[in-house]
1. If the reach is capped at under 23 angstrom between alpha carbons, list the lysines near Lys685, excluding any in the same chain fewer than eight residues apart.
2. So which lysines pass the test for Lys567, namely a Cα distance under 22 Å, with those fewer than 8 places away in the same chain ruled out?
3. Grab segment 390-509 and count how many Lys pairs have their alpha-carbon atoms under 23 Å apart, sequence gap of 8 or more, or different chains.
4. Quick one: Glu537, Glu274, fewest Cβ neighbours within 10 Å first, how do they rank?
5. Can you tell me, using C-alpha contacts under 8 Å and at least 6 residues apart, the relative contact order of segment 410-515 as a whole percent?
6. For segment 391-457 and segment 187-222, what is the separation of their C-alpha centers, rounded to whole Å?
7. Using each residue's phi in segment 227-234, evaluate 6.51 cos²θ - 1.76 cosθ + 1.60 at θ = phi - 60° and report the 3J(HN,Hα) Karplus result to the nearest Hz, with x for Gly and Pro.
Amino acid sequence: MPYPPYFDDPMIQVLQGNLPLFLVLSFMLSVIINTKNLVYEKERKLKESMKLMGLHASVHWVSWFLTFAIYLVPAMLVYTLLFGLNIAGGKMGPVLENTDSSLFFVFLLCYGFALITFCFMLSTFAQKANVGAALSGIAFIGFFFPWYILSPKYDRVSKKTKVTAGLLFNCAMALGSNIISMNEGTGEGAQWSNFHKPAVIGENLSLLECMLLMLFDSLLHCIITWYVDNIQPGEFGVPKPLYFPFTKAYWVGGPKASFNPVYEFENSDTKHFERDPSGLNAGIKIAQLRKRFGKKVAVEGTSLKMYEGQITALLGHNGAGKTTTMSMLTGFITPTSGTAEVNGCDIRHDIDGVRKSLGLCPQHNILFDSMTVKEHLIFFATLKGVKRSEIKNEVMTTVKEVGLETKVHFRSHELSGGQKRKLSVGIALIGGSKIVILDEPTSGMDPSARRQTWSVLQRAREGRTVVLSTHYMDEADLLGDRIAIMAEGVVKCCGSSMFLKKLYGVGYHLVMVKGFDCKVDSLTRVVQSHVPTAELESVINTEVSYILPHNESARFPALFTELDEHKDQLGITSFGTSATTMEEVFLKVGENARFEHEGPLRIGVEDSTKNDASGTVNSNIGINESVNLVSEKTDKGKDVAKDPPSRSKTSFNELEKTSPVDMMYQPREVLPTPDINAFNKGFVKKTGLSLSLAIMKALIVKKALHTWRNQFITSVQLLLP
Ligand SMILES: Nc1ncnc2c1ncn2[C@@H]1O[C@H](COP(=O)(O)OP(=O)(O)OP(=O)(O)O)[C@@H](O)[C@H]1O
Ligand SMILES: [Mg+2]
């Protein structure tokens, strides 16, 4: 059978063998870098944080597509020019002598489309940037590999097999490159006029079909990206059910009331939870919310409401479950059971609705290192839908409110810890978010910055539901219209500061300063003659303290008058009262929670003093030892451990210096004992070679742990040359 004319050009042979490999190697680095960038954003919680400030998933992907395209398209243009360029002064001709450059460019664009969507697809399978990079490199080569099986027997391969191989985009590109080379061989080149036809007799695939295959692959990548991103958003984010594409709710927004199972929003514990304020709308309603991490229950089913126009302060010891609760409210993590309604949207099924009006200041700043303060605020204001004309004003107001006027043009990584917190608070408040969730917003701020933030929050609460967690009792007391206290994952109580102080407070403290001739017994008799239920709390040095119950307040004026009038006879020089502090309430709640879990505590404010028959005070051992520690710290050089009698002489002021919070939450094993004074003292440091060897050993152990915990990367390093 006659065969059409062809060129016997060695360049064609080179092209056929190497053009696909050349293109694969050229774009391999971009694929790895792009995938790594995508996963990095996910790993650093940046993606989820942008989503909860209003970024829609489709916008996220489109913006990344455009970013990658900005790099790829010029590179492809350059390749087209290079392949069509008449090199060596016209003596040798261009690489693709006959092929239409515009067609070759469009062919490369199809490949670029598939490349970008391939990065998207792989990024959904990885949670760590390094894993994403390794995975994309391996998969990229893997998608090209079948070409090496096909190419030696290319003439005998059926069209069906070629199309099947072309479902891997690198194979489709290799098939297309091969056809372009064949077209070159005919002397005709690949042209718009022949690209829909097989290049030579016996060929069963056209260049057009290869380009369509690459576009089809891109579509497949997009579908897989969309599906996996929804069902497995990663460590942070709410996964949708596997069948979500078949639910009406996903496409048109579903009914919001009939979720299964149904949880109870009302809290029946009226003793520890103050009555709901009337006339206020609950911006956040939590119903039996629970979160378990493995065996650890971080949050144990709680029902709680937070109201619009109020600040709800969330208190709790380290590990109480505050951040976990907030993360569930914002959709960073999914609840194990229970639910919550934020601004009327259920967090289980309508997280996008929840996020429409959310402002978050996370415990750990989530900021873009390379963006300035102003750029951050503009970016998040835009995400939250602030109009272009108002953005400038909104940004400048926020900068002023949070006190970052002098740092407007500083990049976030150039800010101090406290300044980063200020920026995070600004991001949470900008754009008029209806629900504002602030996880320890003032941690790391100096006292004046804290006060500035307090006044910003007080002004900002109008029309918003503000939730704030803090370890500062004064902050909770001052800002919290309602205060919820968590312990061991459970919200133990919630109500106004007054309600909680009444519930847990012992009453008022009446503190008197004794003169030389004061008799505590007669003093007690006078106090109890007016307030029979008054109790002697402590007698330390010159201070005598009584507890006066709340419900006896009507009797206080007469008592105070008598004390004032008979000061000299009673032997007192002055007296004063103080109410129960938030700190006492907090400690009491924590103490009760620990008691429920582990039995009675050895230390604690309430148990810290016991009266003996003579009316003097014996501090219990835990307090004494804490006090010793304070004395040692404040009175350097004095060996208090060797001076037991000095314990009971420790002054009330010194007692106050020891934070009861610290005492409360010291693990029992590390209760202060005289030995603790030896902490970090008395050991002999290694030097010279033995120190170097020890450091090397420590580094090797660290590396071994890292290797063991990153098994995927390790396997890749071991298995791939
Ligand atoms: N991803 C996780 N995997 C396993 N356990 C976790 C995880 N996140 C939190 N926990 C556990 O859940 C508990 C509650 O943690 P959470 O961060 O909510 O505490 P917190 O009240 O915010 O404490 P802090 O005041 O220190 O910020 C802790 O015991 C913690 O160890
Ligand atoms: Mg926390």
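Coordinate-derived values only; no laboratory data. Not measured: the values here are computed from a predicted model. Here Cβ is always computed from backbone atoms with ideal geometry, including for glycine, and neighbour counts include all displayed protein chains.
1. Leaving aside lysines fewer than 8 places away in the same chain, those within reach of Lys685 are Lys697, Lys702.
2. Lys514, Lys519
3. 14
4. On the way: Glu537 22, Glu274 18.
Placing the least packed residue first, the sequence is Glu274, Glu537.
5. Details: 90 pairs, mean separation 19.9, N = 106.
It comes to 19 percent, rounded to a whole number.
6. 56
7. Per-residue couplings from phi come out as 5, 5, 4, 7, 8, 9, x, x Hz.
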